[in-house]
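Working notes for the structure below.
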Amino acid sequence: MVLARIEIDLSSDTSTRPSPAMRRAMGDAPVGDEQRGEDPTTAALERRVAALLGQAAAVLLPSGTMCNLIALLVHCRPGDEVICAANAHVYGSEAAGAAALAGAQFRVIDAATGIFGAADVEALIRSPRARSPRSRAVVVEQTTNRGGGQIWPEETLIALAEACRARGLALHMDGARLFNACVASGLAPARYAGPCDSVWIDLSKGLGCPVGAVLAGSAGFIEEAWVWKHRLGGAMRQSGILAAAGLYALDHNVDRLAEDHAKARRLAAMLAEAGVAVTPEDDFTNILILDLPAEGPSAATVAEELRRDGIRVGVEGPFRMRAVTHLDVTAEAVERAGRALIAVLQRGAG
Ligand SMILES: *Cc1c(COP(=O)(O)O)cnc(C)c1O
């Protein structure tokens, strides 16, 4: 079967492509050798992100996955335990890097929204004993990817940070979509990121850059992160080309995330009316988890039918789909996708 070209891609905000203006900024970037600390554009991006996140220093890395991995490599020693949500990206979608390379194991909290409280963590912290793993770090996702783009409330993070500090655990924020949380809530990034020991933002998701993520923390943390960046082959040369895209995105692509949230809200309203259970019910950012009616066609069938129309939506389970709005899908395209999805459900039910 020859598949139609994908015209509307709601499977992920990673499908965003660098705009002509972003490409121009990349082309014009002053560059140098990053490994020698001589790339001025990379240095500018790192300074800017550190300040935005309320942290002392930052480092540009090729991906968010490497940010999570390096953070756990710095925080943990082999045999240590990391606490996170059962549906966290770091736990299920990063090829078990923490286990394979940091020697850390996870202890997970079953939280459908991806959000948990200090008490949930307290209950899992192990007492120091020769035979027990050492509880060492907690990972939170802002916003929660598989939880439906939900926002960790500031007070929950502050309480968690206090609990972690009291018990000697590091608090790490996977901020792949931190700016979505900030735009939706109106809070500055440092309000969420400041209480954390380490935190990163992804440039290649809703911000629309082709490559990159920036990891931030204390000066000592970033110094150790640099050792791992070298070891893992993540140290670059003229990375200013990539950093320039990041600087461009911080100038032009942050406030506009509100448009993506409005598109998600509109799609949620359409689909809820057609009998799809949508998560979240309110406080939309750019991710919707869609639970299809069990008496209708499966998620795989719906995805295949939509694909014939040039529309791509993610499949998360037998009757579960994920739709992600972003800068490369217009409000009209999202409406069209919503109508198409409803039509498939109605055909299947009829
Ligand atoms: C995408 C994502 C990552 C990994 O980022 P990459 O840049 O794709 O490596 C980590 N955590 C969350 C929550 C994500 O959505």
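The values are calculated or read from the model by the stated rules, or taken from the named source; none is laboratory data. What you see is a predicted model; the values in this text were computed from it and never measured. We place every Cβ from the backbone using ideal geometry, glycine too, and count neighbours over all the protein chains shown.
Only a single item in (1) in a helix (DSSP H, G or I); (2) at positive phi is not met by residue 283, and it is number (1).
Are there any helices (runs of 4 or more DSSP H) wholly within the stretch 114-192 with 1 or more residues that are away from the ligand (no atom under 13 Å from the Cβ), under 19 Å from the mean Cα position of the chain (by Cα) and among the charged types (D, E, K, R), and if so which? Helices (runs of 4 or more DSSP H) meeting the threshold: 154-167. In the set (1) under 20 Å from the mean Cα position of the chain (by Cα); (2) assigned to a helix (DSSP H, G or I), residue 234 fails one condition alone, (2).
Being surrounded by fewer than 23 Cβ atoms within 10 Å (Cβ to Cβ) and within 14 Å of the ligand (Cβ to nearest atom) narrows it down to one of 98, 86, so name that one. Just a single option satisfies the conditions, and that option is 86. For the stretch 12-32, the condition of being without any contact (Cβ under 8 Å) to a residue 40 or more places away in the chain, of a type in the set (A, V, I, L, M), part of a loop (DSSP other than H, G, I, E, B) and in contact with a helix residue (DSSP H, G or I) (Cβ under 8 Å, 6 or more places away or on another chain) holds for none of the residues. Every condition in (1) more than 10 Å from the ligand (Cβ to nearest atom); (2) more than 28 Å from residue 320 (Cα to Cα) holds for residue 67 except the one numbered (1).
Among the residues examined, residue 206 does not qualify as outside any helix (DSSP H, G or I), within 15 Å of the ligand (Cβ to nearest atom) and either surrounded by fewer than 24 Cβ atoms within 10 Å (Cβ to Cβ) or of a type in the set (S, T, N, Q) (or both). For the stretch 209-224, the tally of residues that are within 21 Å of residue 18 (Cα to Cα), among the hydrophobic types (A, V, I, L, M, F, W, C) and either away from the ligand (no atom under 16 Å from the Cβ) or outside any strand (DSSP E or B) (or both) stands at 2.
If we scan the stretch 217-236, do we find a residue that is buried (at least 24 other Cβ atoms within 10 Å of the Cβ), touching a Gly at 6+ places or on another chain (Cβ under 8 Å) and not aliphatic (A, V, I, L, M)? Among the residues of the stretch 217-236, not one is buried (at least 24 other Cβ atoms within 10 Å of the Cβ), touching a Gly at 6+ places or on another chain (Cβ under 8 Å) and not aliphatic (A, V, I, L, M), which makes the answer no.
Listed here are the residues, each with its yes/no results for (1) in contact with a Lys or Arg (Cβ under 6 Å, 6 or more places away or on another chain); (2) assigned to a strand (DSSP E or B); (3) among the β-branched types (Val, Ile, Thr); (4) within 14 Å of residue 261 (Cα to Cα).
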{"site": "316", "(1), (2), (3), (4)": "yes, yes, no, no"}
{"site": "321", "(1), (2), (3), (4)": "no, yes, no, no"}
{"site": "326", "(1), (2), (3), (4)": "no, no, no, yes"}
{"site": "329", "(1), (2), (3), (4)": "no, no, yes, yes"}
{"site": "333", "(1), (2), (3), (4)": "no, no, no, no"}
{"site": "336", "(1), (2), (3), (4)": "no, no, no, no"}
{"site": "339", "(1), (2), (3), (4)": "no, no, no, no"}
{"site": "343", "(1), (2), (3), (4)": "no, no, no, no"}
{"site": "346", "(1), (2), (3), (4)": "no, no, no, no"}
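Looking at the stretch 127-156, I want the residues that are aromatic (Phe, Trp, Tyr) and have a partner that is within 15 Å of the ligand (Cβ to nearest atom) with Cβ atoms under 7 Å, at least 6 apart or on another chain. Which pairs are those? Taking only residues 6 or more apart or on different chains, the pairs are 152/115; 152/140; 152/142; 152/192.
Take the stretch 312-350 and flag every residue that is among the hydrophobic types (A, V, I, L, M, F, W, C), over 27 Å from the mean Cα position of the chain (by Cα) and within 15 Å of residue 267 (Cβ to Cβ). Steps first, please.
Narrowing the stretch 312-350 to residues among the hydrophobic types (A, V, I, L, M, F, W, C): 313, 315, 319, 321, 323-324, 327, 329, 331, 333-334, 337, 340-345, 349.
Now drop any that are not over 27 Å from the mean Cα position of the chain (by Cα), which leaves 340, 342-345, 349.
Answer for the stretch 312-350, where residues must be among the hydrophobic types (A, V, I, L, M, F, W, C), over 27 Å from the mean Cα position of the chain (by Cα) and within 15 Å of residue 267 (Cβ to Cβ): 340, 342, 343, 344, 345.
For the stretch 27-45, what are the residues that are surrounded by fewer than 22 Cβ atoms within 10 Å (Cβ to Cβ) and within 21 Å of residue 200 (Cβ to Cβ)? Across the stretch 27-45, the qualifying residues are 35, 37, 43, 44.
Given 148, 194, 117, which one is on the phi > 0 side of the Ramachandran plot, at pLDDT 95 or above and not aromatic (Phe, Trp, Tyr)? The unique qualifying residue is 148.
The set of residues from the stretch 186-195 being without any contact (Cβ under 8 Å) to a residue 60 or more places away in the chain, of a type in the set (A, V, I, L, M, F, W, C) and surrounded by 21 or more Cβ atoms within 10 Å (Cβ to Cβ) is empty.
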